[in-house]
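For reference, the structure is listed below as structure tokens.
The values are calculated or read from the model by the stated rules, or taken from the named source; none is laboratory data. Values in this document were obtained by computation on a predicted structure and should not be read as measured data. Note: ideal-geometry Cβ built from the backbone for every residue, glycine included; neighbour counts use all protein chains shown. Ligands, DNA and RNA are excluded from the accessible area calculation, which covers all protein heavy atoms including side chains. Shrake-Rupley method; radii C 1.70, N 1.55, O 1.52, S 1.80 Å.
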Amino acid sequence: MTDVVRGKALGRAASTILESLILEARSSYAGFARMVLKDHLNRQIELASIHRVMHAHVEHCWRTGVHPGVLAPFDHGKTISLVVGRVAYELGLNPSLRIKIISNNDDRAMERVMGVATILRSPAYRLVFPRTRPVPAKVARAKGVQSKWTQHEIFLDRPGQAIDPSLMAAGVLSGGTGGRSDLNVYDDCVDHKNAIEHPEERQKVYEAIENVWTQRLEPDARVLYVGTPWHVADATAQLIKSAAYSFLKASISEDFKRI
């Protein structure tokens, strides 16, 4: 076999492998994470068993019409996997979605939105979801919609005349709720400050979730609640009692050695 023929054969094999990886990344979140997501040291992310179980729970709840909740300790990859990565994946599957990331405060929510924006701009993501892209400036002007991405909002190219952002950041007790939503992602809305330091805010957070943010949802919209338990009377504890939610709790063992 000549070097030219061998090179062509290797090129075809590489192309086939890449196509297979792209198809897997589009069809499963685990495949998407493996191909697209990177950790803080720019290393490829492989979902651990705990994260696979979390995503299986989320997807099962969405299929059966229940709001999934996931509770786990700090530093167990909830945010990068369940919030930032998952939102990027859902926008890839459907760029027409309107998603809100709602956190304990505006700054935390903006960090999540900026994390999603970083993924959307990555070469690997554009290989997997080439149609998920910013609104071209000319199209934005013609439609009278926003095209510039900010720390608060991301606008994607999509059909129709929707003026709501594709992705929006907000603090759970902030005043600006924005327009309608197809998916609300609650990420650490309950924290030490609003659950322990200021106990009077426990009920305010719960009522904001139920009476403000939930009211922005379309009838067929989805919800994802991610957090850490703080108090038996905080918003998380109240939502656990709701028939609309199903919670997966990843607790620490009594000897502090395993989940």
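Scanning residues 5 or more positions from ASP157 or on other chains, those with amide H under 5 Å from its amide H are ARG133, VAL135, with H placed 1.01 Å from N in the peptide plane. Beyond 30 Å in Cα-Cα separation lie the following of the pairs LYS148/LYS241; LYS78/LYS138; LYS78/LYS148; LYS148/LYS249: LYS148/LYS241; LYS78/LYS138; LYS148/LYS249.
Less than 5 angstrom separates the built amide H of SER246 from those of HIS67, GLY69, all sequence-distant by 5 or more or on a different chain.
Exposed loop sites are taken as trypsin sites (Lys or Arg not before Pro) in a DSSP loop (any state but H, G, I, E or B) with at most 12 other beta carbon atoms within 10 Å; the longest stretch of the chain without one runs 149-240. Computed with a 1.4 Å probe over protein heavy atoms only, the accessible area of THR118 comes to about 90 Å². The helix-only estimate of mean residue ellipticity at 222 nm for the chain, built from DSSP H runs of length n ≥ 4 each weighted as -39500 (n - 2.57), is -11500 deg cm²/dmol after division by the residue total.
With +1 assigned to the C-beta of every Lys and Arg and -1 to the C-beta of every Asp and Glu, and no other charges, what is the dipole magnitude of the chain about the Cα centre in debye, to the nearest 20? The calculation lands at about 1220 debye. For the charge dipole of the chain, defined by +1 on Lys and Arg C-beta atoms and -1 on Asp and Glu C-beta atoms about the Cα centroid, which residue among SER251, TYR125, ILE196 has the Cα displaced farthest towards the positive pole? Most positive-ward Cα: TYR125. Spacing of the modelled spin labels on ALA56 and ALA250, each 7 Å from Cα toward Cβ, amounts to 1.3 nm. MET168 sits with roughly 20 Å² accessible to a 1.4 Å probe, with DNA, RNA and ligands left out of the calculation. Across PHE74, PHE155, the residue with the most accessible area heads the list, and the full order at a 1.4 Å probe is PHE74, PHE155.
Taking all protein chains together, GLU46, GLU210 sort by accessible area into GLU46, GLU210, largest first [probe 1.4 Å]. Taking the charge dipole of the chain about its Cα centre, with +1 at Lys and Arg Cβ atoms and -1 at Asp and Glu Cβ atoms, the residue from THR236, TYR186, VAL84 reaching farthest to the positive side is VAL84. Among complete DSSP H helices in the chain, those whose alpha-carbon atoms stretch at least 15 Å along the helix's long axis and whose mean Kyte-Doolittle hydropathy reaches -1.0 are 3-27, 49-64, 106-120. For LEU167, nonlocal amide neighbours, meaning residues 5 or more places apart or on other chains whose placed amide H falls under 5 Å from its own, are ILE99, ILE154. With every protein chain in place and a 1.4 angstrom probe, the accessible-area ranking of SER246, SER20, largest first, reads SER20, SER246. Modelled label positions at GLN203 and LEU23, each set 7 Å beyond Cα in the direction of Cβ, lie 5.7 nm from each other.
Evaluating 6.51 cos²θ - 1.76 cosθ + 1.60 at θ = phi - 60° for every residue in the range 192-198, the Karplus couplings come out as 4, 5, 8, 10, 10, 5, 10 Hz, glycine and proline recorded as x.
Pick the calculated Rg/Rh (Cα atoms, Kirkwood Rh) for this structure from (i) 1.02; (ii) 1.13; (iii) 0.98? Here the calculated entry is (i).
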